[in-house]
Amino acid sequence: MKTKVILVGLLVTCFGYVGAAPAFGQEQEEVRGAFLTTRPKPVEQSKSDGAARPSRRRPKTTVAGPSTSADPSSATGVKTSDSGSTKATTQRIGLGLTLFTRDSNGLAVRVDPSHEFRKGDRVRLLLETNTAGYLYIFNTTDGGQPVLIYPDADLEEAGNFIQAHVPVELPSSLAGEERLRWLAFDEHAGAERLYFVFTREPLSAVPIEDDLISYCREKVSNCPWHPGSELWAQIQKGLDAPIQVAKAQRFGKAQSSGEHAATTRGIGLSKGDPEPSLIMLTASTNARILVTKLDLIHR
C-alpha cells in the first residue's frame, strides 16, 4: 500500500460541518439509535466469521433508492438506478467515524478528534456506514487543489462499494510495513481537510475500479485523480445539506477484538461492538448523498 497523504494534525472545529451543529442529549441518543439499529445482533454477526473479505467492487445489481427533484445528489452526478424502482427509501444515510492513535505499546487506542497531535504521532481512521453505498474521500492541503485519496488505484481493485456496518480502515492495519499502517504527523505545519462523500449510487463523474486503474496507469504523473472545478463546487455545495451529529464523550480505550476482526476479516460490526466516535446522519430519508468534512490542523 502507498500512503499518498501524510496528515500533519487533526482538529475538528464544530466537527467541520457547514450548516449543522452537534446534537445534544436526547437528540444525540436518537442519532445513535437510528445509526446503530441496523447493526446485527452478535449471534447473527458470528455466522459470517469465516466468510472471505467482501469485494469493494460494485455489485451486479445497483444499490437502489429513489431520486427526487429536491435531491442534492442530482448536482453531484449520482447515477440513477437501472431498476427503475420507485419504492420509498425509509432509512437515512449515516456515516460513523472513529479515530485511533498508536500508543507506546503499538496498540490502536480511541482518541478524541479534537486532540492536538505532535510530530511522531500516528493515527488511523475507521469508517462505518449504516447502509450499502459508495464512499469517496478527498483531501486538500492549505486550501489547495483537491485530490481523491479513496478509492485508491493501488487498493482493493480501486473499489469503493461499502456494505452496511462492514468497516473501512484508512490506512489499512493489514499493510505489509508498519509505516504504512498509520498516518504519520510530521514536522511541517499546514492545514489539511478531509471530505467524505457517501452516496447510494456511484458518482458518474469520478472514476472507480477499472476506470481509475487505467487512468493512473496512463497518467502516472497526474495520479491520484483530481476533480474538476464544477464537480468540486457541487460537492462543496453538498455540505450545506442539513445533517445531525452525535459525538462520543469518552476516549482512551483500545480497539476491541470485534472491531479488529471486522476490519481485518471483512465482517460486519454487531450491536455489541463499540459505537463510532462521531456519527453523521442525513436529516431526510430521501437524501441520496451525505457530504461532510474534517479539518486537520498541525500544531
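Quick notes on this structure:
- Residue that is farthest from the chain's Cα centre (by Cα) [pool: residues in region 190-218 that are over 28 Å from P113 (Cβ atoms) and of a type in the set (G, A, S)]: S214
- Of all residue pairs spaced 6 or more apart or on separate chains, those with beta-carbon atoms under 9 Å, a first member in region 170-186 that is surrounded by fewer than 16 Cβ atoms within 10 Å (Cβ to Cβ) and a second member that is of a type in the set (S, T, Y) and in a loop (DSSP other than H, G, I, E, B) are R179/T3.
- Every listed requirement among (1) closer than 20 Å to T285 by Cα; (2) small (G, A, S); (3) modelled with pLDDT of 85 or more is met by S85 save one, (3).
- Number of residues in region 130-147 that are in contact with a His (Cβ under 8 Å, 6 or more places away or on another chain) and under 16 Å from M280 (Cβ atoms) equals 1.
A quick yes/no check of all residues on (1) without any contact (Cβ under 8 Å) to a residue 24 or more places away in the chain; (2) in a helix (DSSP H, G or I); (3) under 24 Å from V123 (Cα atoms); (4) among the small types (G, A, S):
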| site | (1), (2), (3), (4) |
| --- | --- |
| A153 | no, no, yes, yes |
| A164 | no, no, yes, yes |
| H188 | no, no, yes, no |
| R193 | no, no, yes, no |
| E201 | no, no, no, no |
| V206 | no, no, no, no |
| D210 | no, yes, no, no |
| Y215 | no, yes, no, no |
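- In region 172-180 there is at least one residue matching the filter, namely being modelled with pLDDT under 90, on the phi < 0 side of the Ramachandran plot, in contact with a strand residue (DSSP E or B) (Cβ under 9 Å, 6 or more places away or on another chain) and of a type in the set (S, T, Y).
- Where a residue in region 108-121 is over 15 Å from W182 (Cβ atoms) and its partner, wherever it lies, is assigned to a loop (DSSP other than H, G, I, E, B) and modelled with pLDDT of 85 or more, with Cβ under 6 Å and at least six apart: D112/F251
- Considering the conditions (1) among the hydrophobic types (A, V, I, L, M, F, W, C); (2) closer than 15 Å to T101 by Cβ; (3) under 19 Å from the mean Cα position of the chain (by Cα), I279 is excluded by exactly one of them, (2).
- T263 vs. criteria hydroxyl-bearing (S, T, Y), modelled with pLDDT of 90 or more and in contact with a strand residue (DSSP E or B) (Cβ under 8 Å, 6 or more places away or on another chain): no
- Screening V197, V166 for residues that are touching a Gly at 6+ places or on another chain (Cβ under 8 Å), more than 17 Å from L294 (Cβ to Cβ) and surrounded by 16 or more Cβ atoms within 10 Å (Cβ to Cβ) leaves exactly one candidate, V166.
- Qualifying residue in region 227-250 (condition: touching a Ser or Thr at 6+ places or on another chain (Cβ under 7 Å) and at positive phi): no
- Residues of region 101-151 satisfying the condition of being outside any loop (DSSP other than H, G, I, E, B), β-branched (V, I, T) and over 12 Å from the mean Cα position of the chain (by Cα): T101, V109, V123, T140, T141, V147
- Selection within region 137-163: residues that are touching an Asp or Glu at 6+ places or on another chain (Cβ under 9 Å) and charged (D, E, K, R). The member of this set that is surrounded by the fewest Cβ atoms within 10 Å (Cβ to Cβ) is D142.
The values are calculated or read from the model by the stated rules, or taken from the named source; none is laboratory data. Treat the numbers as computed from the prediction; the structure is a model and nothing was measured. Neighbour counts run over all protein chains shown; Cβ positions are idealised from the backbone, glycine included.
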